[in-house]
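A.B. asks: Here it is, the structure, as structure tokens.
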Amino acid sequence: MIRELVRSFEPYRVIEGDYKVWLDKNESPFDLPLFIKEEAFDELRELNFNRYPSITSKPLREAIADFYDISPKNVAVGNGSDQLIGYLIDLFEGDYVITTPPTFGMYSFYAKLRQVPVLEIPLGRDFTIEGEAIAEKAEKSRVVFIASPNNPTGNLQPEEEIIKVLETGKPVVLDEAYAEFAGKSLWELIEKYPNLIVLRTFSKAFGLAGIRVGYMLADEGIVEALYRILPPFPLSIATMVIAKKALEYSDVMEKRVRYIVEERERMRKRLGELAYPSSANFLLIRADIHGFLLERGIVVRKLSGRLSGHVRVTVGRRWENNAFLNAMEEWLNDMGRF
Ligand code: PMP
């Protein structure tokens, strides 16, 4: 069972090679500006590499808490939000994990890896969650995973549907990896719902995918319990210093988010009915063009299952987006659609 599962594991589906435009992993096309990197390097120079970092990553948790004006007791950090997903499945008790496909594959991957059954409650019309259907099955669940904006469909989930699930009192992970591009987050609901865990990452809007750092905002009790099962010293001092610097310059992130959102809307207009609306840094596209694009040096994500015949395209820099749009036009011409 595990061997079969590992064969379907994400990294084996990721393409590697000498292509010129990479729009397949929902990364930011912008690196951290050099002056910010240099400030981080200056700080690192002063730190002792021979000593372990804070056992519970305190410096970064404090910086994130300041950013949100909450207590560090409500913040946990991990080696990418991916790492937190796995440990959150370990943390709770129940017969199964609930996911809402088509959605981020790692929720069910980590559940199956732990031999925890997965109950799928598919997204309904317009890829929105069915709050009532989830709530009905929540009683026996360990945890419910909801992504908003959802990957790979790009849509935000309606607040009232999420609340229907929260009202069950069962643990709900609201994965907001792309929230900055939506300009909307429900993180403040953690005060009202102690069963809500909001998952965020530095990998997308902050452009730190290579650093590997994600975090969650939740009730103190959940954070404390999580630290009892996380490996000690989960984040290196380098990770924490760099993430803290990026937070300090969040205005840089905000400017870049505006660029991506403008580009996203420009692309959507050009693509017309082929592209679904998106609140994230990628577009879901109804066209079987993965191979055609690859031949032209452009890598996008090929989707399967209910979304076979679709691809997911990350919004990149203008020149990358234009390379993609021009290839799309060529494809449409070939198809006699233009
Ligand atoms: N959640 C969602 C919805 C994602 O799309 C991703 C990355 N593709 C992650 C979590 C994981 O991000 P990271 O581990 O880089 O923080």
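Throughout, read-outs are computed from the coordinates displayed, never taken from laboratory work. What you see is a predicted model; the values in this text were computed from it and never measured. Note that we place each Cβ from the backbone using ideal geometry, even for glycine, and neighbour counts take in every protein chain shown.
A.B. asks: Between the range 175-204 and the range 271-338, what is the separation of their alpha carbon centroids in Å?
C.D. replies: Result: 28 Å between the Cα centres.
A.B. asks: Oh, and also: Counting other Cβ atoms within 10 Å, which GluC sites (Glu not before Pro) in the range 180-212 have at most 14 and lie in a DSSP loop?
C.D. replies: Those that pass, being in a loop and sparsely packed, are GLU191.
A.B. asks: For the chain, with a Gaussian network of springs between Cα atoms less than 10 Å apart, report the residue from LEU217, LEU294, LEU88 with the top mean-square fluctuation.
C.D. replies: For the chain, modelled as a Gaussian network with Cα springs under 10 Å, the answer is LEU294.
A.B. asks: Explain nothing, just the number: relative contact order of the range 187-328, from Cα pairs under 8 Å at least 6 residues apart, as a whole percent.
C.D. replies: Reported as a whole number, the value is 16 percent.
A.B. asks: Starting from the Cα of LEU34, step 7 Å along the direction of its Cβ; do the same at TYR227; then give the gap between the two resulting points in nm.
C.D. replies: According to this spin-label approximation, the distance is 3.9 nm.
A.B. asks: Hey, another quick one. Pick from SER203, SER141, SER308: which is most flexible by mean-square fluctuation in a GNM of the chain where alpha carbon atoms under 10 Å apart are linked?
C.D. replies: Result: SER308 has the largest fluctuation of those listed.
A.B. asks: Along the Cα-to-Cβ line of TYR259, 7 Å from the Cα, sits a label point; which residues in the range 290-327 have backbone N less than 11 Å from it?
C.D. replies: Taking a point 7 Å out along Cα→Cβ of TYR259, the residues of the range 290-327 whose backbone N falls under 11 Å are 316-319.
A.B. asks: With a cap of 14 neighbouring Cβ atoms within 10 Å, and only residues DSSP puts in a loop, list the GluC sites (Glu not before Pro) found in the range 42-111.
C.D. replies: Counting only loop positions with at most 14 other Cβ atoms within 10 Å, the GluC sites (Glu not before Pro) in the range 42-111 are GLU46, GLU93.
A.B. asks: Sticking with this structure for a sec: Rounded to two decimal places and with Rh computed the Kirkwood way over Cα pairs, what is Rg over Rh for the range 196-250?
C.D. replies: 0.99
A.B. asks: OK, next. Only Cα pairs under 8 Å and at least 6 apart count here; give the relative contact order of the range 74-178 as a rounded whole percent.
C.D. replies: Relative contact order comes out at 27 percent.
A.B. asks: Which trypsin sites (Lys or Arg not before Pro) does the range 27-123 hold that lie in a coil by DSSP with at most 14 other beta carbons within 10 Å?
C.D. replies: ARG51, ARG114
A.B. asks: With label points built 7 Å along Cα→Cβ from the Cα atoms of GLU330 and ARG114, find their separation and express it in nm.
C.D. replies: According to this spin-label approximation, the distance is 4.6 nm.
A.B. asks: Over the range 34-248, what number does the Rg to Rh ratio reach, with both radii from the alpha-carbon atoms and Rh per Kirkwood?
C.D. replies: 0.98
A.B. asks: Continuing with the same structure: Using a Gaussian network model of the chain with C-alpha springs under 10 Å, which one of ILE64, ILE242, ILE190 is most mobile by mean-square fluctuation?
C.D. replies: With Cα springs under 10 Å in the chain, the top fluctuation among ILE64, ILE242, ILE190 is at ILE190.
A.B. asks: Mean separation of Cα pairs under 8 Å and 6+ residues apart, divided by the residue count of the range 34-248: what relative contact order is that in percent?
C.D. replies: Reported relative contact order: 27 percent.
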